[in-house]
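FYI, it's all coordinate maths here, none of it is from the lab. As the structure is a computational prediction, the values presented were derived from the model and not from experiment. Don't worry about glycine lacking a Cβ; one is built from the backbone with ideal geometry, like all the others, and counts go over all protein chains shown.
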Amino acid sequence: MSKMYQLNQLRFYYNDRLALSLDNIQIQAGKATALIGANGSGKSTLLNILAFLSSSWQGEIVFNGQGVNIKNLIQYRRKVGFLAQKPFMLCGTVYDNIDLALKIHGIKQRPEKIHRVLQQLDIKHCADQQAKQLSGGELQKSALARILVLQPKVLLLDEPFSYLDQSSAQALESFLHSYARETGHTLVFSTHDRLQGFALADEVIALAEGKQVLTPLINLFHGQLIDHVFHSGALRIILTEAITNARHASINPQDIVLSLDALVSSMRNHFQGHVVMIADEMGSVRVNVDTGVIFQVLITYQALDELNIKLGDKLWVNFKSNAVVVF
């Protein structure tokens, strides 16, 4: 499998503060990758670097097999489409905005390309509307259309769901879920909803305090380790004896087993709670269980049928000690 990005010993400073420190990151070509993490974790900084909008990073970036020369970033920018959290549209109609993007790149047969991308995103009705007067969802789609019409090798989206209503967010989820597979292009997007990123993307890069952590940062707890037991205040998680230091603990939602009774097995962590959410998550099922803290779990529809649960039902959350990632 070919790599679109290879980042080696990447460092980025805001003034004198180290904001990003990534030793070895790979982003596969033709796949969807989600960047997840809390505010200030480095997601937007990394996206700006991937879009070649920043030239003050240190380290090595290999883009599509070619080492990036920091003095000549324009040639790489032309191959990347970047949608910011709050897209800026120019005065004029949506059609005018998309047409100008094509003109700047010297692309011909513009009308048919514009109509095709408007239809692709189901916003043909917006073509003659003033771009600056659009609602949040239509604005987001129009700005995305302006990028997609150029057919970039890489599509980068910074928190694309932040300002969308539920209907617009669902439509964008559906589009992103199939984009990389149908086009063969590379997609990288950031999201606050970690389980959403986990469900939509082929791969997930989790960031905390500017560094990569090898966990999806779902079911994330903060506390301290005492005699191989992680204490968060609200719960006690039994860890393997090999772990001697930890401030944070996270459990992958796919490593949790749900049961109607506490399991008698090698699993050492068992918590009883009740179901507070059951929702579709792009073909899987998200089940949230309140045990005093909320556990988010991803299961199959077959597992849901076998459990035969509904909101409010009592349920056990079970997982192994080695399923817990600490940092």
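Tabulated results
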read-out	value
Estimated 222 nm signal from helices in the chain, with DSSP H stretches of n ≥ 4 weighted -39500 (n - 2.57), rounded to 500	-7000 deg cm²/dmol
Using alpha-carbon coordinates, inclination of helix 166-183 to the longest axis of the chain, degrees	80
Folded to 0 to 90 degrees: helix 94-104 orientation relative to the chain principal axis, Cα	70
Full-stretch length increase - Q9, I243 - with 0.36 nm per residue and alpha-carbon distance subtracted	81.6 nm
Kirkwood Rh in Å, taken over all unlike Cα pairs in segment 202-274	13.9
Degrees separating the helix 136-148 axis from the principal Cα axis of the chain, which is the longest one	60
Gain upon complete extension [N39, K103; 0.36 nm per residue less C-alpha separation]	19.4 nm
Those trypsin sites (Lys or Arg not before Pro) in segment 80-126 that DSSP places in a loop and that have at most 11 other beta carbons within 10 Å	K108
P(r) of segment 1-96 over all Cα-Cα pairs, binned every 5 Å from zero, in whole percent	2, 11, 21, 24, 19, 11, 6, 4, 1
Whole-percent pair-distance distribution, where bins are 10 Å wide, for the alpha carbons of segment 221-313	15, 45, 30, 11
Shape box of segment 74-131 [Cα atoms, principal axes, largest first, Å]	34, 29, 21
Flagged links, alpha-carbon separation over 22 Å, of K113/K153; K103/K141; K103/K124; K86/K108; K3/K43	K86/K108
Ellipsoid equivalent to segment 24-78 - semi-axes via the Cα gyration tensor, in Å	20, 15, 10
Segment 27-178: radius of gyration over Cα atoms, expressed as a fraction of 2.2 N^0.38 Å	1.08
Over segment 164-301, equivalent-ellipsoid semi-axes from the Cα gyration tensor in Å	30, 19, 13
Förster radius 22 Å - calculated FRET efficiency between T291 and L214 (Cβ-Cβ, nearest 0.05)	0.35
